[in-house]
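Engineer: The following block contains the structure, expressed as structure tokens.
The numbers here are math on the coordinates, done by the rules we state, and not lab data. Because the structure is a prediction, the values reported are computed rather than measured. Cβ: placed from backbone, ideal geometry, glycine included. Neighbour counts: every protein chain shown.
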Amino acid sequence: MVQMIHSLGENAIDISKNSFIRDVAMIIELVQGAIYRDLYLEHSTHKFMEEFVALVVNPDNSVETDVDFNTITNLVDLLKDNDDDPEIS
């Protein structure tokens, strides 16, 4: 991860931007989840990946994936809409 970030910085990517740091934080968590899965340990990213990433193994054993960004965007919008609701006490 450190090498990747260093390489990006050397190639004119502004690695000091808050948006970049936020994106990399998510990448790190996803990589950590992949490592945990390989070690048969639970990680909070597993359910997310299973729900939003479709995986198909073709007859030639090649693998295709498809990330369902439409559903993810809809879920984020739904969560934002719920933030506007008044709290019930």
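Engineer: Equivalent ellipsoid semi-axes for the chain, as square roots of 5 times the alpha carbon gyration tensor eigenvalues: give them largest first, rounded to whole Å. Walk me through the intermediate numbers first.
Structural biologist: On the way: eigenvalues 145, 116, 45 Å².
After scaling each eigenvalue by five and taking roots: 27, 24, 15 Å.
Engineer: Given the convex hull of the Cα atoms of the range 1-43, what is a quarter of its surface area in nm²? Spell out each step's value before the answer.
Structural biologist: Values: hull surface 12.8 nm².
Directional mean of the projected Cα hull area for the range 1-43 stands at 3.2 nm².
Engineer: Scan the chain and report its longest stretch carrying no GluC sites (Glu not before Pro) that are both in a DSSP loop and have at most 16 other Cβ atoms within 10 Å.
Structural biologist: 43-86
Engineer: Going through the range 33-86, which chymotrypsin sites (Phe, Trp or Tyr not before Pro) have at most 14 other Cβ atoms within 10 Å and a DSSP loop state?
Structural biologist: 40
Engineer: Calculate for the chain the 222 nm mean residue ellipticity that helices alone would give, adding -39,500 (n - 2.57) per DSSP H run of length 4 or more and normalising by residue count, nearest 500 deg cm²/dmol.
Structural biologist: -19000 deg cm²/dmol
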